[in-house]
C-alpha cells in the first residue's frame, strides 16, 4: 500500500513502532560493543516528558561522539539485521543529501517531498549525528559553528533543490546551477566533514551536534552529556545525557510545557510512505 500525503493520511503509530525497532537494533550494537550514544533533541524530550514519542512526532535522532560515530559506521552493516542499512553520502552519493547518517529499513519505502525530483528511494529511517568538539574560545566557537551551519544547512541544501522550480534569475540562478554540479556537491560534503573533524571530541570542553536543527543552541558543555543515564522510550531503556534537564532547558526552555496546538506537527512531509514495500526495486 502506497501513501501519498497529498491524498491520504498514514498510520503514524505504525511508523513510530517500526522506527523503535531500528532504534532497538542500533542500541543493542552499541551496548555490545561499548559504543557511546545518546538520544538526541526531540527524542530525548520524548523520553523525559512522554516516556516515548512526542505524540505528533515521527522521527528518532541519536548522537554519538565522533570516535564512536565512525566506529559504528565501520561495523554497523555487518552487525545490523540484514534488512537494515546505514546510508551516508559516501555510500549513496547520488541521493543521500545529508551530512549525517541514516539507518534505514530496506523493507519499506520513503520519498520525502522536497527530494522527489532526485529519483532516490530509501526506507524509513532514524537519524544518526556525530557529536564533535568545539574551539575553547567563545568568539571562535560561534564563528566556527556559524560557518558549518552555513555550509551544511544553507549551501548544501541549495545544491539539491529542484532547479526547475527555482524562481530567481541572474546571478542567483547561476550560483544555484554551479552548486548543482556533482563536483561542487561532493566538495561541500568533503569540506563540511573536514571542518567537523578539526577539534577532537575527547579533548574539548564544549561539544555540539554541529549539523543539527537547533543551530547555536546545540553548543553544549561536554559535561551535559557526561555519563549517560537511562530513560524509558516506548517500553525500553535508552541512554540520554547525564544532565538532561540542563540539556533540554537549553534547547527548549520550559520543556515540560506542551507547545501551542498549531506547533504540534511533524517536521517531515512525505511524498511516498510505504511501510510494507521494499525500496530496492
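What follows is calculated from the coordinates using simple rules that are stated; it is not laboratory data. These numbers come from a predicted model, not from an experiment. Methodologically, a virtual Cβ is constructed for each residue, glycine included, from the backbone with ideal geometry; neighbour enumeration extends over all protein chains shown.
Using R₀ = 25 Å, calculate the FRET efficiency as 1/(1 + (r/R₀)^6) where r is the Cβ-Cβ separation of residue 213 and residue 90; round to 0.05.
So, using R0 = 25 Å, E works out to roughly 0.65.
In nm, to one decimal, how far is the residue 261 label point from the residue 138 one, both placed 7 Å along Cα→Cβ?
So the label points at residue 261 and residue 138 sit 4.2 nm apart.
Tally the DSSP beta bridges in the chain and give the antiparallel ones as a percent, rounded to 5.
85 percent
Just subtract the alpha-carbon distance of residue 28 and residue 50 from 0.36 nm times their residue separation and send over the number in nm, one decimal.
Working it through step by step, the gained length comes to 5.7 nm.
Need one number: nm distance between label points at residue 246 and residue 227, each 7 Å from Cα along Cα→Cβ, rounded to one decimal.
Those two pseudo-labels are separated by 1.6 nm.
Describe numerically, in nm with one decimal, the distance between label points set 7 Å from Cα along Cα→Cβ at residue 155 and at residue 18.
Each label point lies 7 Å from its Cα, and together they span 3.6 nm.
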